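Novice: Mind looking over this structure? Questions follow.
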Amino acid sequence: MTCTIPHLDLNIGTFFLKVRLAGPPGGLHYETLDSICPFTVVILDRTTADGWKPEACSYLVGSSWNVE
């Protein structure tokens, strides 16, 4: 499977994926994969007045999944 995230809005820090494989709402739940694909975000091209702080926030905007 491939996940495409066209615009990644994450603060600095270490993250992982939690993926729920299921049918439509109310349908079958096949499996939940937790703490997979760990990765670290660093920001090299922008600064903030107080510096980057991982505890400040974290969020993900939009994604699409395709079975290959």
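Novice: Looking at LEU21, LEU17 in this structure, which one is touching a Cys at 6+ places or on another chain (Cβ under 8 Å), under 17 Å from VAL67 (Cβ atoms) and open to solvent by less than 100 Å² (accessible area, probe 1.4 Å)?
Specialist: Exactly one of LEU21, LEU17 is touching a Cys at 6+ places or on another chain (Cβ under 8 Å), under 17 Å from VAL67 (Cβ atoms) and open to solvent by less than 100 Å² (accessible area, probe 1.4 Å), namely LEU17.
Novice: Which members of the stretch 22-34 meet the condition of being closer than 21 Å to THR4 by Cβ and of a type in the set (Gly, Ala, Ser)?
Specialist: Residue satisfying the conditions is ALA22 alone.
Novice: Continuing with the same structure: Within the set of pairs 6 or more residues apart or between chains, which connect a residue that is β-branched (Val, Ile, Thr) inside the stretch 10-22 to a residue that is loosely packed, with under 14 Cβ neighbours inside 10 Å and at pLDDT 90 or above with Cβ atoms less than 7 Å apart?
Specialist: THR14/PRO38; VAL19/LEU33; VAL19/ILE36
Novice: State yes or no: is ILE5 open to solvent by less than 50 Å² (accessible area, probe 1.4 Å) and either on the phi > 0 side of the Ramachandran plot or of a type outside the set (Gly, Ala, Ser) (or both)?
Specialist: So ILE5 does not fit the description; no.
Novice: If you don't mind, another one. May I ask you to list the residues in the stretch 33-42 that are farther than 19 Å from ASN66 by Cβ and open to solvent by 60 Å² or more (accessible area, probe 1.4 Å)?
Specialist: In the first step, residues of the stretch 33-42 are kept if they are farther than 19 Å from ASN66 by Cβ; the result is 34-35, 38-42.
Hits for the stretch 33-42 are ASP34, SER35, PRO38, PHE39, THR40, VAL42.
The values are calculated or read from the model by the stated rules, or taken from the named source; none is laboratory data. This one's a predicted model, so the numbers in the text were calculated from it and none came from an experiment. FYI the Cβ positions are ideal-geometry reconstructions off the backbone, even for glycines, and counts take in every protein chain you see. Side chains are part of the model used for accessible areas, which takes the heavy atoms of the whole protein and leaves out ligands, DNA and RNA. Shrake-Rupley method; radii C 1.70, N 1.55, O 1.52, S 1.80 Å.
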